[in-house]
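Working notes, structure below.
The values are calculated or read from the model by the stated rules, or taken from the named source; none is laboratory data. Values in this document were obtained by computation on a predicted structure and should not be read as measured data. As a convention, Cβ positions derive from the backbone with ideal geometry for all residues, glycine included, and neighbour counts pool all protein chains shown.
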Amino acid sequence: FGEVYYYVLLKISQDVMHPVAMVSIYSEPDPWLLIESSYTLYSCVYRGNDNLLVIPVKHITAVVGMVPH
């Protein structure tokens, strides 16, 4: 899971542009909560700017809400 900070078009060459996203990656879900909730509660730790990645926009497969707790 990750939080998208922003989207940009990355210019590769004169005629080639790639849409990418700067994403802050969350931790893996807490395994105990995941199992105890029958795989319905994914509790992850927000890492902010400590774990940033630039990914192709096509790699984003779903949009979810991460509620602070």
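Pull up the stretch 35-59, narrow it to residues that are modelled with pLDDT under 95 and among the aliphatic types (A, V, I, L, M), then point me to the one that is nearest to the chain's Cα centre (by Cα).
It comes out as Val45.
When residues of the stretch 21-36 are filtered for being within 17 Å of Asn49 (Cβ to Cβ) and among the β-branched types (Val, Ile, Thr), how many remain?
Result for the stretch 21-36: 2.
Can you name the residue in the stretch 30-46 that is of a type in the set (A, V, I, L, M, F, W, C) and in a loop (DSSP other than H, G, I, E, B) and is also surrounded by the most Cβ atoms within 10 Å (Cβ to Cβ) among such residues?
Cys44
Of (1) surrounded by 11 or more Cβ atoms within 10 Å (Cβ to Cβ); (2) part of a helix (DSSP H, G or I), Asn49 satisfies all except one. Which?
(1)
So how many residues does the stretch 54-69 have that are surrounded by 10 or more Cβ atoms within 10 Å (Cβ to Cβ) and in a loop (DSSP other than H, G, I, E, B)?
Counting residues in the stretch 54-69 that are surrounded by 10 or more Cβ atoms within 10 Å (Cβ to Cβ) and in a loop (DSSP other than H, G, I, E, B) gives 2.
Which residue pairs have Cβ atoms under 9 Å apart, sit 6 or more places apart or on different chains, and have a first residue in the stretch 1-25 that is under 10 Å from Pro56 (Cα atoms) and outside any strand (DSSP E or B) and a second that is aromatic (Phe, Trp, Tyr) and at pLDDT 95 or above?
Correct list of pairs: empty, since none qualify.
May I ask you to verify whether Met22 is within 11 Å of the chain's Cα centre (by Cα) and hydrophobic (A, V, I, L, M, F, W, C)?
yes
So how many residues does the stretch 60-69 have that are aliphatic (A, V, I, L, M), more than 10 Å from the chain's Cα centre (by Cα) and farther than 11 Å from Glu3 by Cα?
Number satisfying all stated conditions: 1.
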